[in-house]
Amino acid sequence: MQTILGATGQIAIELARELRRTTEDELRLVSRSPRKVNESDVLAPADLLDARQTVDAVKGSDIVYFTAGLPPDTELWEKQFPVMLKNALDATRAAGAKFVYFDNTYMYPQDDRVLCEDTPFEPVGRKGRVRAAMASMVLHEMAQGSIPVVIGRAPEFYGPGKTQSITNTLLFDKLKNGGTPRVPVRDDTRRTLIWTPDASRALAALGNAPDAFGQTWHLPCDDNRLTYRQFVELAVEVFGAPPSYKVLRKWLLTAAGLVSSQVRELGELLPRYEQDNLFDSTKFKRRFPAFRVTTYREGVQMIRDEPRNAASQSHYST
């Protein structure tokens, strides 16, 4: 039995598809209101803030994936994320299962150094401190050795479906609606983005590779690190849109944050858009040499074709 905690987000949905493709294990999806991804999925409604419900949801599992997300609300993150993670770890330990933690890069320094698995945590802002504390909690569990633990860490997303990221919101949502793409802060810094289905496929690979446990892994990305200017040029070419975009300067986003709570919540991330973002996933690629990373062009083409593809797919993924 493989169990996904926080099973309604894009990473979890793609993870469920990949596990069904690559394993014969029973698959359990856990969230407050879980929905089937594959016809054979077992649904387990549970609130991860409730320790008892989490234990019941995890019982009988061999591998547990923590992919839970929360809206970008700092106070919510501070109050709920550590509780959810602690409950998940406790439940996994009680079940004697393996624990696979899906992580992001909020705890890393927001400068132009190359980010590797051993990069020290230097969080900027409250959400960064929350993610640093959570990663440290998982690393402590890993060091204790009471259960097998592995961390899969991803940089900023771009992707299909319900993928939530600044790039999807400012670039692809605009293009889909016939608008002008936006770029945050600067257009000349190099970005490392991960295609969300690649992140999920990689997480499934880690969870089913016994020798991967006890380590942190950067999930695989296209090494052709484009600037936002180059990325927008690629996107408008693929979409057949006019070759124009607007740069949202830091001062403008800061001012907008005074009246918009949604923009204000993104404020602590702005420094990373002032610098090159160089996320290194060499370790994963060496361990899984057959893993094929989606190129940026391929990803953008799939986003462009998504409405057509979605219409041709059945309700369940097989």
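Computed from the coordinates by the stated procedures, all read-outs in this text should not be read as laboratory data. Fair warning: this is a prediction, and the values are worked out from it, not measured in the lab. Cβ placement follows ideal geometry from the backbone for every residue including glycine, while neighbour counts extend to all protein chains displayed.
Distances between placed amide hydrogens fall under 5 Å for LYS246 paired with ARG182, VAL183, all partners being 5 or more residues away or on another chain.
Distances between placed amide hydrogens fall under 5 Å for LEU226 paired with ARG191, all partners being 5 or more residues away or on another chain. Shape summary: segment 1-120 maps onto an equivalent ellipsoid whose semi-axes, from the alpha-carbon gyration tensor, are 25, 18, 14 Å in decreasing order.
Taking trypsin sites (Lys or Arg not before Pro) in DSSP loop conformation with at most 15 other Cβ atoms inside 10 Å as exposed sites, the chain has its longest uninterrupted site-free stretch at 163-248. Note that segment 126-140 has calculated 3J(HN,Hα) couplings of 5, 5, x, 5, 4, 5, 5, 5, 5, 4, 5, 4, 5, 5, 5 Hz, one per residue in order, obtained from phi through the Karplus relation 6.51 cos²θ - 1.76 cosθ + 1.60 (θ = phi - 60°); glycine and proline are x. What shape does segment 69-122 take by its C-alpha gyration tensor, where a ≥ b ≥ c are the square roots of the eigenvalues and a/c under 1.5 counts as rounded, a/b above b/c as prolate, and the rest as oblate? Cα axes put segment 69-122 in the oblate bin. Note on the chain: with charges restricted to the Cβ of Lys and Arg (+1) and Asp and Glu (-1), its dipole about the Cα centre is near 440 debye. Computed 3J(HN,Hα) for segment 204-211, one whole-Hz value per residue from the Karplus formula 6.51 cos²θ - 1.76 cosθ + 1.60 where θ = phi - 60°, is 5, 5, 5, x, 10, 10, x, 6, glycine and proline marked x. Relative contact order, whole percent, for the chain stands at 19, derived from Cα pairs under 8 Å and 6 or more residues apart.
The string of couplings for segment 64-72 from the Karplus curve (6.51, -1.76, 1.60, θ = phi - 60°) is 10, 9, 9, 10, 5, x, 9, x, x Hz, one whole number per residue in order, with x for Gly and Pro. Separation of segment 277-298 from segment 1-18 is 21 Å, based on Cα centroids. If you build a Gaussian network model of the chain, linking Cα atoms that sit under 10 Å apart, which residue out of VAL150, VAL236, VAL58 swings the most? The residue that fluctuates most here is VAL236. Think of it as helices only: each DSSP H run of n ≥ 4 in the chain is worth -39500 (n - 2.57), and spread over all residues that comes to -11500 deg cm²/dmol at 222 nm. Magnitude of the charge dipole for segment 7-130, about its Cα centre and with charges confined to Cβ atoms of Lys, Arg (+1) and Asp, Glu (-1), is about 340 debye.
Between ASP305 and LEU226, full extension at 0.36 nm per residue minus the direct alpha carbon distance yields a gain of 26.3 nm. Rounded to 0.05, the FRET efficiency of the THR23 and GLN144 pair, given R0 = 35 Å and the Cβ-Cβ distance, is 0.80. Under a 5 Å amide H cut-off, with hydrogens placed 1.01 Å from N, LEU115 pairs with LEU278, PHE279, ASP280 among residues at least 5 apart or on other chains.
Oblate is the label for segment 152-202, because the ratio a/c of its alpha-carbon gyration tensor axes (a ≥ b ≥ c) is 1.5 or higher and a/b is not greater than b/c.
Taking GluC sites (Glu not before Pro) as exposed when DSSP calls them loop and at most 15 other C-beta atoms lie within 10 angstrom, the chain has its longest site-free stretch at 118-273. Summarising the label geometry, the points placed 7 Å from Cα in the beta-carbon direction at ASP62 and GLU75 lie 4.5 nm from one another. For the chain, the square roots a ≥ b ≥ c of the C-alpha gyration tensor eigenvalues yield an a/c of 1.5 or more together with a/b exceeding b/c, which makes the shape prolate.
For the chain, give the share of DSSP beta bridges that are antiparallel, in percent and rounded to the nearest 5; count only bridges with both residues there. The antiparallel proportion sits near 5 percent. Whole Å is fine, so just give me how far the alpha carbon centre of segment 170-197 lies from that of segment 48-126. About 27 Å separates the Cα centre of segment 170-197 from the one of segment 48-126. Work out the charge dipole of segment 105-209 with +1 on the Cβ of Lys and Arg and -1 on the Cβ of Asp and Glu about the Cα centre, then indicate which of LEU139, GLY159, LEU171 is farthest towards its positive end. Towards the positive end, the residue furthest out is LEU171.
In terms of distances greater than 18 angstrom between alpha carbons, the cross-link table entries LYS59/LYS98; LYS59/LYS86; LYS36/LYS174; LYS36/LYS162 yield LYS36/LYS174.
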